[in-house]
1. As an exercise: evaluate residue 59 against (1) in contact with a helix residue (DSSP H, G or I) (Cβ under 8 Å, 6 or more places away or on another chain); (2) within 23 Å of residue 7 (Cβ to Cβ); (3) within 15 Å of the ligand (Cβ to nearest atom) and give the number of the one condition it does not meet.
2. Looking at (1) surrounded by fewer than 17 Cβ atoms within 10 Å (Cβ to Cβ); (2) more than 8 Å from the ligand (Cβ to nearest atom); (3) assigned to a helix (DSSP H, G or I), find the lone condition where residue 47 falls short.
3. Given the criterion under 17 Å from residue 138 (Cα atoms) and not in a loop (DSSP other than H, G, I, E, B), identify the matching residue among 56, 67, 81, 18.
4. Somewhere in the stretch 139-149, is a residue buried (at least 16 other Cβ atoms within 10 Å of the Cβ), modelled with pLDDT of 95 or more, over 22 Å from residue 87 (Cα atoms) and within 16 Å of the ligand (Cβ to nearest atom)?
5. Does the stretch 91-101 contain at least one residue that is surrounded by 13 or more Cβ atoms within 10 Å (Cβ to Cβ), closer than 30 Å to residue 179 by Cβ and in contact (Cβ under 8 Å) with a residue 60 or more places away in the chain?
Ligand code: HEM
């Protein structure tokens, strides 16, 4: 019979998967990929998908620590969930988890009100997503799924999954950066315009 701690850990892993997909979709949006006009020519609106995945991911990430309140052994109070600096076990990884949750909430909240900020400011605020990702991948790697403060086994299946997601995002971000600087990218366009002046 799985305990509340086991369920919380699985929900945390699901949140990592959702946010990884979310960042990959965001990267596709930022390079102007359109699945209707390009491969696989499917009637999918990437923006709507990215938007809804943000809400689903945030709800999943919030549910992940709240499940610990149902555990009789974890010893977490509601305060420890939102301010885990003094939480019963692993306060450092837990605090990283809370910071990641607040950063993701900030990204979703500012996106909901993006018209208020204007596109440029909103886009700058949206880069917080990369900071959030760095923090939740470290949290997912350091946290002991049994809450027993055991040493980290970096090649355990759950840890390998989190590390794999982080690697995927790093590779995709590098590719996106290179695509932007490529022949049709803005940087090169600006350079060629300058050389014409
Ligand atoms: C739920 C509300 C959200 C909305 C409406 C939204 C909307 C967008 C849009 C329109 C873009 C393309 C921006 C452009 O290039 O002009 C984008 C990119 C991106 N989004 Fe979101 N987003 C949301 C939530 C999130 C969340 C929760 C994350 C991650 C935790 C995220 C990660 C990203 C990333 C990494 C990019 C690529 C940024 C870049 O390098 O240009 N987004 N998003």
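The values are calculated or read from the model by the stated rules, or taken from the named source; none is laboratory data. Remember, it's a predicted structure, so these values are computed and weren't measured experimentally. Ideal geometry is used to build each Cβ from the backbone, glycine not excepted, and the neighbour counts take in all protein chains shown.
1. Result: residue 59 passes all but (1).
2. So the condition that residue 47 fails would be (2).
3. Details: 56 fails: under 17 Å from residue 138 (Cα atoms); 67 fails: under 17 Å from residue 138 (Cα atoms); 81 fails: under 17 Å from residue 138 (Cα atoms).
Of 56, 67, 81, 18, the one residue that is under 17 Å from residue 138 (Cα atoms) and not in a loop (DSSP other than H, G, I, E, B) is 18.
4. Keep residues of the stretch 139-149 that are buried (at least 16 other Cβ atoms within 10 Å of the Cβ), which gives 139-145, 147.
Pick out the ones that are also modelled with pLDDT of 95 or more and you get 139-145, 147.
Next, only the ones that are over 22 Å from residue 87 (Cα atoms) stay: none.
Looking through the stretch 139-149, none of the residues is buried (at least 16 other Cβ atoms within 10 Å of the Cβ), modelled with pLDDT of 95 or more, over 22 Å from residue 87 (Cα atoms) and within 16 Å of the ligand (Cβ to nearest atom).
5. The answer is no, given that none of the residues of the stretch 91-101 is surrounded by 13 or more Cβ atoms within 10 Å (Cβ to Cβ), closer than 30 Å to residue 179 by Cβ and in contact (Cβ under 8 Å) with a residue 60 or more places away in the chain.
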